[in-house]
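K.L.:
Right, I'll just put the structure down here and ask away after.
Every read-out reported here was derived from the displayed coordinates using simple, explicitly stated rules and does not represent laboratory data. Quick caveat: nothing in here was measured; it's all calculated off a predicted structure. Cβ atoms come from the backbone with ideal geometry, glycine included; neighbour counts cover every protein chain shown.
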Amino acid sequence: MLSWIWVVFLALSFVCGALTGRLAAVTAAMAEGAGQAVTLLISITGLMCFWSGVMEIISRSGLAAAVARLLRPVLRPLFGAASRDGQAMEAVSANVTANLLGLSNASTPIGLRAAQRLYAVCGGRGAPDAVLTLVTLNSASIQLIPSTVAAVRASLGAAAPFDIMPAVWGASVVSVLVVILAGRLLRPLFPEKRVENGRT
Amino acid sequence: MNGLSSALVPLLLAAAGVYALYNHVDVFPAFLTGAKEGLHTAIGILPTMVGMLTAVYMLRASGCIDLLGQVLAPLLARLGIPEECAALVLLKPVSGGGGLALGSEVMRQAGPDSYAGRVAAVMLGASETSIYTISLYCSHVGLRRTRYALPAALLGDLAAFTASAFFVRLLF
């Protein structure tokens with residue numbers, strides 16, 4: 001998918017550039033963009049490293065596990081019958097906690113494990129609601145401290161790089177609610193197929 | 001609200017350190033392990049950033065991004081999303097590195113504390129690479145159909161983007 005998008009970008013650059021007579025600028029932009037990518041990354045690497053270090057401290061201190069325990073009863077109603085499986089819910093709450101704390105290296109492997117467990121608990125066929133709930137939950141962002149974005153803002157000279165946090169929280173909460181609600185409301189429109197008897 | 005967010009980060013750092021010491025964590029080596037991981041992450045996204053930011057720069061130089069902004073402007077205006085963020089709305093659900101590259105560019109051009117710059121930052125912070133996430137999870141588990149996952153996730157993205165603009169207007 002990304003391959004398609006990237007090629008479309010390059011092709012559009014050429015076509016639009018040719019139509020507007022700006023091909024020289026497009027060529028110059030190639031060198032500028034490649035350089036700028038490295039500049040940007042170097043300027044945010046420091047804060048990315050620092051924050052990742054702090055997050056390691058938090059996860060080793062047992063705080064992440066404590067948050068996960070608190071979250072489990074909150075998450076249970078979203079997963080229906082599958083929430084009776086302790087192992088699945090443990091993985092689900094660990095995944096949500098990792099997302100909240102921005103432990104990006106940890107959240108995806110745990111999330112994939114949780115999805116697999118939920119799938120097995122739901123009979124291992126079709127597209128069970130519990131798995132889709134986890135997937136859509138992961139498609140929304142619930143990160144408490146948007147450290148990478150703050151690093152970019154800091155590198156560009158923002159007065160208070162972290163001052164966007166309340167707005168990020170507000171928008172995150174809205175999007176998570178919409179994702180959960182949309183999942184519920186759209187369910188009847190996308191029914192789960194009945195047992196597949198080898199045919200179809 | 002502003003006081004809250006500027007107090008929260010130092011407070012969190014101090015509290016995390018004290019709590020970890022209290023729980024007998026060897027804090028600094030733990031920090032170093034995490035920081036090393038952060039460095040790996042940063043190095044890991046560099047190729048994506050180079051590929052996407054270069055393409056975005058070329059696209060912008062060709063006039064294509066402005067054109068896209070103008071085409072989508074009436075629709076985005078109804079949601080309160082600034083024209084500068086038009087391309088970001090389309091790219092972020094597909095590519096995290098691409099979204100970061102494009103969003104950073106909006107912040108740099110419009111200024112990090114401008115309206116468009118702030119909306120771009122909040123959009124990046126409040127949304128995930130939803131389409132990528134769905135395809136990753138579903139292919140890992142082996143789902144052949146994803147039913148309502150994609151429409152629900154895209155509605156969530158739209159809500160995140162609209163709410164980003166709304167909260168920036170509300171709070172700044």
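K.L.:
Quick one: would you say B:ALA73 is more than 9 Å from chain A (Cβ to nearest Cβ), among the small types (Gly, Ala, Ser) and either surrounded by fewer than 17 Cβ atoms within 10 Å (Cβ to Cβ) or assigned to a helix (DSSP H, G or I) (or both)? Walk me through how you get there before you give the answer.
P.N.:
Working: more than 9 Å from chain A (Cβ to nearest Cβ): yes; among the small types (Gly, Ala, Ser): yes; either surrounded by fewer than 17 Cβ atoms within 10 Å (Cβ to Cβ) or assigned to a helix (DSSP H, G or I) (or both): yes.
Answer is yes for this residue.
K.L.:
Next question. Among A:ILE145, A:ILE164, A:ILE110, which is the only one that is within 20 Å of the chain's Cα centre (by Cα) and touching a residue at least 60 places away in the same chain (Cβ under 8 Å)? Step through it out loud before you land on a result.
P.N.:
Details: A:ILE164 fails: touching a residue at least 60 places away in the same chain (Cβ under 8 Å); A:ILE110 fails: touching a residue at least 60 places away in the same chain (Cβ under 8 Å).
Unique residue meeting the criteria: A:ILE145.
K.L.:
Scan segment B:123-154 for residues that are assigned to a helix (DSSP H, G or I) and more than 7 Å from chain A (Cβ to nearest Cβ) and jot them down.
P.N.:
Residues of segment B:123-154 assigned to a helix (DSSP H, G or I): B:123-126, B:130-141, B:149-154.
The answer is B:MET123, B:ILE131, B:TYR132, B:SER135, B:LEU136, B:SER139, B:LEU150, B:LEU154.
K.L.:
May I ask you to list the residues in segment A:113-133 that are aliphatic (A, V, I, L, M) and either more than 7 Å from every other protein chain (Cβ to nearest Cβ) or outside any loop (DSSP other than H, G, I, E, B) (or both)?
P.N.:
Here is the first cut: in segment A:113-133, the ones aliphatic (A, V, I, L, M) are A:114-115, A:118, A:120-121, A:127, A:130-132.
A:ALA114, A:ALA115, A:LEU118, A:ALA120, A:VAL121, A:ALA130, A:VAL131, A:LEU132 - these are the residues of segment A:113-133 that are aliphatic (A, V, I, L, M) and either more than 7 Å from every other protein chain (Cβ to nearest Cβ) or outside any loop (DSSP other than H, G, I, E, B) (or both).
K.L.:
Only one of (1) buried (at least 24 other Cβ atoms within 10 Å of the Cβ); (2) in contact with a Gly (Cβ under 8 Å, 6 or more places away or on another chain); (3) among the small types (Gly, Ala, Ser) is not met by B:GLY125, so which one is it?
P.N.:
For B:GLY125, the failing item is (2).
K.L.:
Restricting attention to segment B:88-110, and to residues there that are farther than 18 Å from B:LEU72 by Cβ and within 8 Å of chain A (Cβ to nearest Cβ), which single residue is surrounded by the most Cβ atoms within 10 Å (Cβ to Cβ)? Reasoning before the result, please.
P.N.:
Within segment B:88-110, the first condition is being farther than 18 Å from B:LEU72 by Cβ, and the residues that meet it are B:95-97, B:100-101, B:104, B:107-108.
Add one more test, that the residue is within 8 Å of chain A (Cβ to nearest Cβ), and what stays is B:95, B:100-101, B:104, B:107-108.
Working: B:SER95: 21, B:LEU100: 26, B:ALA101: 29, B:SER104: 31, B:MET107: 26, B:ARG108: 17.
Looking at the filtered set, the residue picked out is B:SER104.
K.L.:
Please go through segment B:18-59 and give me each residue that is more than 7 Å from chain A (Cβ to nearest Cβ), without any contact (Cβ under 8 Å) to a residue 12 or more places away in the chain and either part of a helix (DSSP H, G or I) or surrounded by 17 or more Cβ atoms within 10 Å (Cβ to Cβ) (or both), ordered by number.
P.N.:
Selection gives B:VAL18, B:LEU21, B:TYR22, B:PHE28, B:PRO29, B:LYS36, B:HIS40, B:ILE43, B:GLY44, B:PRO47.
K.L.:
For residues in segment B:111-122 being more than 7 Å from every other protein chain (Cβ to nearest Cβ) and buried (at least 24 other Cβ atoms within 10 Å of the Cβ), which is nearest to the chain's Cα centre (by Cα)? Before you say what the answer is, go through the steps one by one.
P.N.:
Kept after step one, since they are more than 7 Å from every other protein chain (Cβ to nearest Cβ), are these residues of segment B:111-122: B:111, B:114-117, B:119-120.
Imposing the further condition that a residue be buried (at least 24 other Cβ atoms within 10 Å of the Cβ) reduces the set to B:117, B:119-120.
Working: B:GLY117: 12, B:VAL119: 11, B:ALA120: 8 Å.
Filtering first and then ranking leaves B:ALA120.
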